[in-house]
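A.B. asks: The structure under discussion is supplied below as structure tokens; questions concerning it will follow.
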Amino acid sequence: MKRSSAIRRAVLAAAAVALVVTGCTDRTGGSGGGSGGGGGTPQSPASASATGGSASDGKPSSPAPSSSSAAPSSPSSPSSPSSSAEVLMKDGDENEQVRELQARLRQLDLFDRAPTGFYGSITGKSVAAFQKRRGLPVTSTVDAATWELLLSLTKEPTADELKPSTTNKLDTPDPRCTTGRVLCISKESRTLAWMIDGKVVSSFDVRFGSENTPTREGEFKVEWKAREWTSTIYHTPMPYSMFFSRGQAVHYSADFAARGYAGASHGCVNVRDRAKLAALFDQVKPGDKVVVHW
């Protein structure tokens, strides 16, 4: 009996040891390991965040072991940017502060056209040039540091500087514009210069067709003129039309006069100064050269 009892005790002890080993395998083995319970590796705040949760999202069935040895938590990212890095003006903004920005950049010869109040790619390039010149981080956006330095280097713009009545600054003429009688049209500066033998006689703000209806580039001639004309396609007035390329013309646009560069043409070169264009219309002759370039 004693021998049988001893054998039973030995068998029970061995079975108990086998159960413990099996239990440990279930909790720590496999590709995923534990899920927050005892025996598994506790999920760190960083890994919890990477899976879409936070360190406090889960509800483990029991406390993680060796909590006293766990690494202390630390901020996952630096604190929010300082006020000096806050973006004040950026691409797509349209307001009077942007107009002032452009006027001040123009005082430093970094913005070569009339202020529009719209922050586009040209304004971004001008800001980047200012930042590079002054040793600031080149971001093409205006933060407090950029704005404060610009204010210190320029004077408050006058009303004429903010909303000048004159045209955009002309580009250097395309070489094709330097001889003869030419309507020299620049897409870069959005200007038309009426030139005779290399001299600018008059100049105008202009706008062009949209991406879907672009104004063609190249060298053309004035084919014919019409003091009063209505588009046969779009049924809109086109006063003082000077046609140069298969229906595309230089002409006055009431929409351009009212909305500025918020709109676009269907391919024509729009002019917004009706009185000046009327005078130009009387000077230009069929056969005069037209150059549309960047």
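Read-outs: derived from the displayed coordinates by stated rules, not from any lab. Just so it is clear, the structure is predicted and the values come from calculations on it, not from any experiment. Using ideal geometry, Cβ is built from the backbone for each residue, glycine included, and neighbour counts are taken over all protein chains shown.
A.B. asks: In a shell of Cβ-Cβ distance under 9 Å around G260, excluding G260 itself, what net charge do Lys and Arg (+1) and Asp and Glu (-1) give?
C.D. replies: +2
A.B. asks: For K163, give me every one of the aspartates and glutamates with a C-alpha distance below 18 angstrom, ignoring sequence neighbours fewer than eight places off in its own chain.
C.D. replies: By straight Cα distance, K163 reaches D93, E94, E96, E100, D109, D112, D205, D273.
A.B. asks: How many times 2.2 N^0.38 Å is the alpha carbon radius of gyration of the stretch 85-162?
C.D. replies: 0.95
A.B. asks: May I ask for the net charge around F220, where only other residues with Cβ less than 15 Å from the Cβ of F220 are counted and Lys, Arg are +1 while Asp, Glu are -1?
C.D. replies: Combined, the nearby Lys, Arg, Asp and Glu give +4.
A.B. asks: Across 5 Å bins from the origin, how do the percents of Cα pairs in the stretch 179-263 run, short distances first?
C.D. replies: 3, 12, 21, 29, 21, 9, 3, 0
A.B. asks: Here's another thing I want to ask about it. Mind checking the stretch 156-214 for GluC sites (Glu not before Pro) that DSSP puts in a loop (not H, G, I, E or B) and that have at most 10 other Cβ atoms within 10 Å?
C.D. replies: Taking the stretch 156-214 and a limit of 10 other Cβ atoms within 10 Å, the loop GluC sites (Glu not before Pro) found are E211.
A.B. asks: If every alpha-carbon in the stretch 129-242 counts as one equal scatterer, what log10 I(q)/I(0) does Debye give at q = 0.23 1/Å?
C.D. replies: The Debye formula, applied to the Cα set alone, gives -1.31.
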